[in-house]
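For reference, the structure is listed below as structure tokens.
The values are calculated or read from the model by the stated rules, or taken from the named source; none is laboratory data. Quick caveat, the model's predicted, so the values are computed rather than measured. Note: ideal-geometry Cβ built from the backbone for every residue, glycine included; neighbour counts use all protein chains shown. These accessible areas exclude ligands, DNA and RNA; they are computed on the full protein's heavy atoms, side chains included. Shrake-Rupley method; radii C 1.70, N 1.55, O 1.52, S 1.80 Å.
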There are 2 protein chains.
Amino acid sequence: MIYNSFKSIDGGICAASGFKASGTYCGIKRPANDTPDKKHKNDICLFASDVECNTAAVYTQNKVKGAPLLVTKANLEKSGNKAIAAIVNSKNANTCNADGVEKAQAMCDLVAKEMNIPSEKVIVSSTGVIGQILPIEPIESAVPTLVKELCYNKNAAAATAIMTTDTVKKEYAVEFEIGGVKCKLGGMAKGSGMIHPNMATTLNFITTDCAVSAEMLQKALSETVKITYNCLSVDGDTSTNDMVVLMANGLAFNDEIDAEGEEYNIFKAALTEVMANLTRMLAKDGEGATKLIECICSGAKDLDTAITVAKSVVCSTLFKAAIFGEDANWGRVLCAIGYADAEFDINAVDVCLKSEYGKIEVCKNGSGVDFSEEKAAEILKSDEIYVLINLNGGDAEATAWGCDLTYDYVKINGDYRT
Amino acid sequence: MIYNSFKSIDGGICAASGFKASGTYCGIKRPANDTPDKKHKNDICLFASDVECNTAAVYTQNKVKGAPLLVTKANLEKSGNKAIAAIVNSKNANTCNADGVEKAQAMCDLVAKEMNIPSEKVIVSSTGVIGQILPIEPIESAVPTLVKELCYNKNAAAATAIMTTDTVKKEYAVEFEIGGVKCKLGGMAKGSGMIHPNMATTLNFITTDCAVSAEMLQKALSETVKITYNCLSVDGDTSTNDMVVLMANGLAFNDEIDAEGEEYNIFKAALTEVMANLTRMLAKDGEGATKLIECICSGAKDLDTAITVAKSVVCSTLFKAAIFGEDANWGRVLCAIGYADAEFDINAVDVCLKSEYGKIEVCKNGSGVDFSEEKAAEILKSDEIYVLINLNGGDAEATAWGCDLTYDYVKINGDYRT
């Protein structure tokens, strides 16, 4: 997986021309005097484009869908996939509440009124505890401030406002050229637990000034989600509020990409690079994680086989615990490969473990090989562990991302609501 | 789920007439002076019937299959599903080893020679670390002792010999009547981690003196596994060595059950009761577990829907951690119901939490209801938690068993091989 074919730049969701953001504390998270460091944490943000954007989105496939997803989906249908602004809160998912849709709609209406735009061109998204009534009053008070403070460099204020148990904000952006015109694409993401995306992951917002038709935008997003966010698992739990939104305002003034071809491929490569980097950040900041696990499955007969096998390994609770313990228990890798729902010859499988401290083969043709436990222990000391699987049965390859299972994961999730 | 329709009796795998067992320490586990309590732990056992048995078996669906499974399967094919004895070791799975089949075959040959029976009538099974060469010498030394010590009341010596990270041995037996003839059926099981059975679970052996044809025996076992062992999950990892074996020696002298009907139903009910109780014991002794989680899904349109939904809940890492923390985070139950791969109306779902300390409804028609957090906290103090789900869409019901996710699970699995 190549993470840096393009020039990476600062700015997150404000990297692309014409996108501005703001973030503040409105009172959904605990007040400052009740936090360990006595500081307010941002809990709501707004971002907007100077002009209307073609917009693509993918949503969770969980049958339980957060009210904000339902409202966003309806809005994009009504507007013909056009959006101008997005409002996002953390700490409360507004899911499984009888008044959820009403509240999510109210959030759009508040932004629409304050910005003087149609309500159906506002995207709404929430993350946090499921099944607690969302208080609307703090949001009513915050929206005028959020609109007033919208600014072309406040991406960090927005990226921190969407954090829940995340320990770091996640932003990434790149620069690329379409037909000689410089374009930018950047994004922010949040998510640390309840991460096992299916069609989309926890909240992710991506903006670009590249001109792309709504149809090609959706196609690029769906294809890229499959090999990035959908290959991520922290704990096997597919959230109710997963959502990825991609907004393109066209302010780079390239000729609009409206069909497949070289320019579409460049755009998709840039999108993949940003999404893969954000995915990797999400895995590395998984709840309680001390180590990133990146599993690369090659030699598969097709892409789906490679994805299924790689994802099975990063999802294995037993392997995740072994990596936390820096134990080269490769039998658990083989076990997870073996129960992956895919077709391949288990007796042809090779496995290597790798980190910046070296690389060892632990399994050849489905059976163990002698290896130095000392060298394995040295390799596993790293905080970024690579598991390289070769199925020796074709040319397809995929990467999946996960993290180790630690005491802190249990601690965080044994006591999340309080 | 009724656990006690029949009279429960002592004796485990020796409860049925004509079954004897033995267990000893041969040197695969650590020697006594290297254990915390300076005591040898049994690591190998043998059990046998006085006469040949009709035998049914189910195996893991993991593509990686332990060598003992391959040998047992081949033996039962060769013998026409007849077996007399079974040898089982712990601490080494004899899986992913180039010489695995040869060693598993040698174990059968050793028993066959010492007991003067055909090698294909010996079942072999192993559990423990994957990918370490199985030392055959200690087994060679132990087999004569095991045969000499076979005894009609040494079920506990066998049940302890198959334990790995289990903290307690698991045995259960019942008495029932077929056509006025008293029959007995009992079993032993082991397993604490890498438990997410698919077609079978980790090692389980069941013996009965009831006369049942090989065909009806296999039918009863397959049907019962589906609603007992296959509804168990400790960590989502389907083992490479899962195996359930059911041996019937006919020494109760009832008319052989060779077709469906009332007697088959009684036999299957007895088998279900033993397997459900063993399954429950496995869940309660899951690695690091402090609480049993039993999820009963009713109101489903069919059995598969009920199983899928109930199992999704007991598999949720987030919910398991919440139960450890005694946090009534029912949103995580809804989330897990929502991503279950089954058809039902999420807006009709009701959820209750229950224990010996009381019962509360937490969700009605897919939305949260007000409940007393104090009462919920009280209920969750129990070490046996019931999650009652009603899909309100039919008459089918199923139970799934799991346990909480704790610091100790991480500790045990961060450092399993050493």
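Each other copy places its own label point for A:Glu140 at 8.5 nm from this one, sorted shortest first, where the point lies 7 Å along the Cα-to-beta carbon line.
Compute, for chain B, the length of the dipole vector about the Cα centre, with Cβ point charges of +1 (Lys, Arg) and -1 (Asp, Glu) only. Units Debye, rounded to 20. Each step should come with its number before you reach the end.
On the way: 40 positive and 56 negative charges, 244 e Å.
Magnitude of the dipole: close to 1180 debye.
Among the listed pairs A:Lys38/A:Lys91; A:Lys73/A:Lys103; A:Lys284/B:Lys411; A:Lys73/A:Lys291; A:Lys364/B:Lys226; A:Lys41/B:Lys364, those with a Cα-Cα distance over 27 Å are A:Lys73/A:Lys291; A:Lys364/B:Lys226; A:Lys41/B:Lys364.
If you add up the charges near A:Gly261, with Lys and Arg at +1 and Asp and Glu at -1, over every other residue whose beta carbon is less than 13 angstrom from its beta carbon, what do you get? Residues close to A:Gly261 contribute a combined charge of -4. Excluding ligands, DNA and RNA, the accessible surface per residue across the protein assembly as shown is 35 Å² with a 1.4 Å probe.
Restricting segment B:215-281 to chymotrypsin sites (Phe, Trp or Tyr not before Pro) that sit in a DSSP loop and have at most 15 other Cβ atoms within 10 Å of their own Cβ leaves B:Phe253. Straight-distance candidates among the aspartates and glutamates for linking to A:Lys170, with alpha-carbon spacing under 15 Å and chain neighbours fewer than 8 residues away dropped: A:Asp10, A:Glu273, A:Asp285, A:Glu287.
Nearest-to-axis residue in chain A, judged by Cβ distance to the rotation axis that brings A onto B and given in whole Å, is A:Tyr407, 2. Legend: mean number of C-beta atoms from other chains within 10 angstrom of residue C-beta atoms, peptide A:357-370, equals 2.
Counting Lys and Arg as +1 and Asp and Glu as -1, each charge on the Cβ, what is the dipole of the protein assembly as shown about the Cα centre in debye, to the nearest 20? Walk me through the numbers before you get to the answer.
Numbers: 80 positive and 112 negative charges, 276 e Å.
It works out to roughly 1320 debye.
Can you give me the C-alpha center-to-center distance between segment B:115-146 and segment A:94-159, rounded to a whole angstrom? First find each Cα centre; the distance between them is then 66 Å. Other residues lying with their Cβ under 9 Å from the Cβ of A:Leu282 contribute a combined charge of +2, Lys and Arg counting +1, Asp and Glu -1.
Which shape class applies to segment B:77-168: rounded if a/c is under 1.5, otherwise prolate when a/b exceeds b/c and oblate if not, where a ≥ b ≥ c are the square roots of the Cα gyration tensor eigenvalues? Before the final figure, lay out the partial values.
Details: a/c = 1.56, a/b = 1.08, b/c = 1.45.
Cα axes put segment B:77-168 in the oblate bin.
Think of chain A as having a plus end and a minus end, set by charges on the Cβ of Lys, Arg, Asp and Glu; of A:Ala214, A:Leu334, A:Cys14, A:Cys14 sits farthest toward the positive end of this dipole.
If you average the sequence gap of Cα pairs under 8 Å that are 6 or more apart and divide by the length of segment A:227-293, what percent do you get for the contact order? List each step's numbers first, then the result.
On the way: 23 pairs, mean separation 31.1, N = 67.
This gives 46 percent for segment A:227-293.
Under the criterion of Cα pairs below 8 Å and six or more residues apart, the relative contact order for segment B:1-125 equals 24 percent.
Membrane-span-like helices in chain A, defined here as complete DSSP H runs extending at least 15 Å along the helix axis by their C-alpha atoms with mean Kyte-Doolittle hydropathy no lower than 0.0, are A:67-79, A:100-115, A:137-148, A:214-227, A:262-284, A:303-315; this is a sequence and geometry rule, not a statement about a membrane.
Given DSSP loops and a limit of at most 14 other Cβ atoms within 10 Å, what is the longest stretch of chain B that contains no such GluC sites (Glu not before Pro)? Answer - B:1-259. Projecting the Cα atoms of B:Leu185, B:Ile162, B:Thr145 onto the dipole axis of segment B:82-222, where Lys and Arg carry +1 and Asp and Glu carry -1 at the beta carbon, places B:Leu185 farthest toward the positive end.
Electrostatic bookkeeping for A:Asp370 treats Lys and Arg as +1 and Asp and Glu as -1; over the other residues with beta carbon under 12 Å from its beta carbon, the sum is 0.
Between chain A and chain B, the total buried accessible area stands at approximately 4200 Å², from heavy atoms with a 1.4 Å probe.
Please list, by residue number, every one of the trypsin sites (Lys or Arg not before Pro) in segment B:286-327 that is coil in DSSP and has at most 16 other beta-carbon atoms within 10 Å. Here the trypsin sites (Lys or Arg not before Pro) that fit, given the DSSP loop and packing criteria, are B:Lys301. Summed over qualifying helices (DSSP H, 4 residues or more, each -39500 (n - 2.57)) and divided by its residue number, chain B shows a 222 nm mean residue ellipticity of -9500 deg cm²/dmol.
Evaluated with a Cβ-only charge set (Lys, Arg +1; Asp, Glu -1), segment B:217-362 carries a dipole of roughly 500 debye about its Cα centre, given to the nearest 20. Of the accessible area of chain A, computed with a 1.4 Å probe over protein heavy atoms only, carbon and sulfur atoms account for 48 percent.
Stokes-Einstein diffusion for segment B:271-312 at 25 °C, viscosity 0.890 mPa s, with a Kirkwood radius from C-alpha pairs, works out to 211 µm²/s. Over chain B, Cα pairs under 8 Å with separation of 6+ residues give a relative contact order of 17 percent.
Taking the three principal axes of the alpha carbon atoms in the protein assembly as shown, the coordinate ranges are 89, 55, 48 Å, sorted in descending order. In the assembly of identical copies, B:Glu262 has its label point, taken 7 Å from Cα in the direction of the beta carbon, separated from the corresponding points by 8.4 nm (ascending, one decimal).
I want to verify the translational diffusion coefficient of segment A:271-418 in µm²/s; compute it with Stokes-Einstein, Rh as the Kirkwood radius over Cα pairs, at 37 °C and 0.692 mPa s.
Working: Rh = 15.5 Å.
For these conditions, the coefficient is 212 µm²/s.
Of the DSSP beta bridges with both residues in segment A:1-134, give the percent that are antiparallel, rounding to the nearest 5.
Numbers: 13 of 19 bridges.
Around 70 percent of the beta bridges assigned by DSSP in segment A:1-134 are antiparallel ones.
Provide a whole-number value for the mean count of partner chain Cβ atoms within 10 Å of the Cβ atoms in peptide A:53-63. Don't skip to the answer; put the middle values down first.
On the way: counts 0, 0, 0, 0, 0, 0, 0, 3, 3, 8, 15.
Taking all residues of A:53-63 together, the mean is 3.
Annotation for A:Asp37, label-to-label distances across the other copies: 4.8 nm (shortest first, one decimal, point 7 Å from Cα along Cα→Cβ).
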